[in-house]
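In what follows, a structure is listed as structure tokens, so that the remarks can point back to it.
Read-outs: derived from the displayed coordinates by stated rules, not from any lab. On a predicted model such as this, the values are computed, not experimentally measured, just so you know.
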Amino acid sequence: MNKGGGGGGPTAAAAAAATQKQKALLQRVETDVSNLVDNFTVLVNVSRVNDPPVRNQQEAFMMEVRAARMVQAADSLLKLVSELKQTAIFSGFASLNDHVEQRIGEFNKLTDKTDVTLGRVGEEAAASLKELESHFYSSAEKACAASQPSSP
């Protein structure tokens, strides 16, 4: 019986899946933050005021595009935060459920083992009682026979 609660199986698979998901989430955070910084840098560089009106229109369009990309990256980060919250909540319940199921299995094995032990003790007690009864009745017959005088 495993009292430590560790080992292979579903727990190891869950840990591997959690590690993989964590790497993917960290990559996503890195990408989104990088996009925010890059777009903000370009937005600041493009926001210079220039004299030719055509160039200002191109820069204005570029600023709008970069601002939209920043909003997309920020939205992605907000969704990531929501996913992280859900993962924290549900993975906590999942690991708790796994632990409860593991303990139920351990207790069921212990119950089966106890039932077997109690059955064996009952059989041994019945055999001992039977043996004691036979000794008692055989000694009672001897005592009864010894107390009666033999008739000639």
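Before moving on, here are some points about what is shown:
- Overall, the anisotropy analysis places region 15-137 in the prolate class: the square-rooted eigenvalues a ≥ b ≥ c of its C-alpha gyration tensor yield a/c not less than 1.5, with a/b exceeding b/c.
- Straight-line reach from Lys85: taking Cα to Cα under 23 Å and skipping same-chain neighbours fewer than 8 places apart, the lysines in range are Lys21, Lys23.
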